[in-house]
Amino acid sequence: MDLESLCKKVMDLDPKIRFAGIINDKGRLVAGGMREGMKPLESSKDREMLFMELALRVKMRKEFDKQFGAVKFAMSYREKCIIMSFPLENNILYVSANASLDFKKNSLTILKILH
């Protein structure tokens, strides 16, 4: 499955998903993006910083793969949104959704899509 199709498939899971994108290991968006008609919660400059920080965090988590096993996904549950990241081979699937998203159901479905 190509990266754009993957992002679209994730976005189609639930209208509460605001963003589905592929971030490379340098923190750059390489596929996907914001749902049409949605306004980002952050500025474009903040989004760049967020993606770079995410790429660094994913790399740092690999330090504990030997002890705990590989990370399947990570999630932040915030007041305004839910953010999930799914490490791929050389990239990261970044998903942002409204705080009311059924994150358990959707995160497990995304894992099934990825595997």
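The values are calculated or read from the model by the stated rules, or taken from the named source; none is laboratory data. It should be emphasised that the depicted structure is a prediction, and the values quoted were computed from it without experimental measurement. Every residue, glycine among them, receives a Cβ derived from its backbone with ideal geometry; neighbour counts consider all protein chains shown. SASA here: full protein model, heavy atoms, side chains in, ligands and nucleic acids out. Shrake-Rupley method; radii C 1.70, N 1.55, O 1.52, S 1.80 Å.
Miscellaneous remarks
- Using C-alpha pairs under 8 Å with a sequence gap of at least 6, the mean separation divided by the residue count of the chain gives a relative contact order of 27 percent.
- Volume per residue of the C-alpha convex hull in the chain, rounded to whole Å³: 105 Å³
- Asp2 sits among other residues whose Cβ lies under 11 Å from its own Cβ, and their net charge, with Lys and Arg +1 and Asp and Glu -1, is +1.
- Accessible-area composition of segment 1-97, carbon plus sulfur, in percent [1.4 Å probe]: 53 percent
- Per residue accessible area of the chain, 1.4 Å probe, in Å²: 64 Å²
- The modelled label-to-label distance for the pair Met75/Leu56, using points 7 Å beyond Cα in the direction of Cβ, is 2.6 nm.
- For Lys105, the aspartates and glutamates whose Cα comes closer than 18 Å to its Cα, not counting residues fewer than 8 places off in the same chain, are Asp12, Asp14.
- With a simple spin-label model that places each label point 7 Å from the Cα along the Cα-to-Cβ direction, the separation between Glu48 and Ser100 comes to 3.5 nm.
- Measuring against 21 Å, Cα to Cα, the residue pairs Lys39/Lys62; Lys59/Lys112; Lys59/Lys104; Lys16/Lys80 contain Lys39/Lys62; Lys59/Lys112; Lys59/Lys104 as the ones spanning a longer distance.
- Whichever aspartates and glutamates have a C-alpha closer than 19 Å to that of Lys9, once near sequence neighbours (fewer than 8 apart) are set aside: Glu36, Glu89, Asp102
- Principal axis dimensions, segment 15-69 - Cα atoms, whole angstrom, descending: 43, 25, 18
- 3J(HN,Hα) along segment 90-98: 10, 9, 9, 8, 10, 10, 10, 9, 4 Hz, from the Karplus curve 6.51 cos²θ - 1.76 cosθ + 1.60 with θ = phi - 60°, whole Hz, x for Gly and Pro.
- Taking 1.567 mPa s as the viscosity and 4 °C as the temperature, the Stokes-Einstein diffusion coefficient of segment 1-43 based on its alpha-carbon Kirkwood radius rounds to 119 µm²/s.
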